[in-house]
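*Asks:* Submitted below is the structure of interest, expressed as structure tokens.
The values are calculated or read from the model by the stated rules, or taken from the named source; none is laboratory data. What you are looking at is a predicted structure, and each value in this text was computed from that prediction instead of being measured. For neighbour counting, all protein chains shown are included, and Cβ atoms are generated from backbone atoms with ideal geometry for every residue, glycine included.
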Amino acid sequence: MGGLALGLVVVVGIILGIVAQLAGLARSGYDGLITGIAVVGGALVAGQWLGGVSTWGPQVDGLYLVPALIGGIVLAVIANLIVRIAFPAAATA
């Protein structure tokens with residue numbers, strides 16, 4: 001996997017992290033950051049490990065996009081649910 005694919009994964013992680021922060025009731029200022037990191041991790045793992053097994057979908061710079069997108073979104077949803085359930089809401093005055 002090259003620099004272009006890594007940059008693409010990071011940009012998608014930032015975008016989905018912002019969406020997670022703005023969607024619903026954010027429990028802290030770090031919900032989007034945690035979700036964004038989960039997207040990048042899930043996309044890199046799924047794109048590399050599942051890429052060799054399932055070679056369907058387009059490929060950019062050595063990264064299979066469909067498995068990377070599926071892995072990133074699945075891990076982001078799990079991380080976002082854990083963060084929003086495990087941590088109490090921020091105190092409002």
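*Asks:* Would you call residue 81 at pLDDT below 85 and over 18 Å from residue 2 (Cβ atoms)?
*Replies:* Taking the combined requirement at face value, the residue satisfies it.
*Asks:* Step by step: first the residues of the range 20-42, then only those that are exposed (fewer than 15 other Cβ atoms within 10 Å of the Cβ) and aliphatic (A, V, I, L, M), then the one that is modelled with the highest pLDDT. Which residue is that?
*Replies:* Looking at residues that are exposed (fewer than 15 other Cβ atoms within 10 Å of the Cβ) and aliphatic (A, V, I, L, M), I get 22.
*Asks:* If you don't mind, there's one more thing I want to ask. Restricting to the range 39-86, name every residue that is in a loop (DSSP other than H, G, I, E, B) and touching a residue at least 40 places away in the same chain (Cβ under 8 Å).
*Replies:* 61, 62
*Asks:* Does residue 85 qualify as being among the hydrophobic types (A, V, I, L, M, F, W, C) and farther than 14 Å from residue 13 by Cβ?
*Replies:* Answer is yes for this residue.
*Asks:* Any idea which of (1) in contact with a helix residue (DSSP H, G or I) (Cβ under 7 Å, 6 or more places away or on another chain); (2) part of a helix (DSSP H, G or I) is the one residue 27 doesn't satisfy?
*Replies:* Condition not satisfied by residue 27: (2).
*Asks:* How about the range 9-24: which of its residues are under 17 Å from residue 75 (Cβ atoms), over 12 Å from the mean Cα position of the chain (by Cα) and part of a helix (DSSP H, G or I)?
*Replies:* Scanning the range 9-24 gives a single hit, 21.
*Asks:* Taking the residues in the range 43-69 that are surrounded by fewer than 18 Cβ atoms within 10 Å (Cβ to Cβ) and among the aliphatic types (A, V, I, L, M) as candidates, determine which candidate is farthest from the chain's Cα centre (by Cα).
*Replies:* By that ranking, first place goes to 53.
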